[in-house]
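The values are calculated or read from the model by the stated rules, or taken from the named source; none is laboratory data. Small disclaimer: the values here were computed from a predicted structure and weren't measured. Heads up, the Cβs are rebuilt from the backbone with ideal geometry, glycines too, and the neighbour counts pull from every protein chain shown. Protein only, heavy atoms only, side chains kept; ligands, DNA and RNA dropped before computing areas. Shrake-Rupley method; radii C 1.70, N 1.55, O 1.52, S 1.80 Å.
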Amino acid sequence: QVQLVESGGGLVQAGGSLRLSCAASGRTFSSYAMGWFRQAPGKEREFVAAISWSGANTYYAESVKGRFTISRDNAKNTVYLQMSSLKPEDTAVYYCNVGRGRSTASMQYEYDYWGQGTQVTVSS
């Protein structure tokens, strides 16, 4: 059974940093792209960042470009999201997911498995 477990969320002041982790189990994900999405209260889920199967290519939403960094450790079946210069508008539940292919993708239908999410709250 495929399982994705996110961790690292919490409460942080604006301008602060957090590092999210997503541990995958149940299969080997090293051949697939992985991504992060988020959903704020009352809003639709939106794309945040994606990384290709090898880690060589990354892709970010404009709203987080330059502040967030996605990375992966295939040996540990884990993907990370380093978030810096956080803003109150970054407050959301963050979800990691596994792509259907090797390349970066930004659409939800391009992802198969989703974690349960981790809450990130940024206070002003």
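Odds and ends about this structure:
- For segment 42-61, the candidate set comprises residues that are in a loop (DSSP other than H, G, I, E, B) and closer than 16 Å to Pro88 by Cα; within that set, the residue that is least open to solvent (accessible area, probe 1.4 Å) is Gly42.
- Hits in segment 11-41 (condition: surrounded by fewer than 13 Cβ atoms within 10 Å (Cβ to Cβ), closer than 18 Å to Gly117 by Cβ and modelled with pLDDT of 95 or more): Leu11
- Among the conditions (1) open to solvent by 30 Å² or more (accessible area, probe 1.4 Å); (2) aromatic (Phe, Trp, Tyr); (3) at pLDDT 95 or above, the only one that Trp114 does not satisfy is (3).
- Every pair of residues 6+ apart whose Cβ atoms lie under 9 Å, when the first sits in segment 68-84 and is on the phi > 0 side of the Ramachandran plot and of a type outside the set (Phe, Trp, Tyr) while the second is crowded, with 22+ Cβ neighbours inside 10 Å and part of a loop (DSSP other than H, G, I, E, B): Asn77/Phe29
- Among the conditions (1) open to solvent by 70 Å² or more (accessible area, probe 1.4 Å); (2) under 11 Å from the mean Cα position of the chain (by Cα), the only one that Tyr95 does not satisfy is (1).
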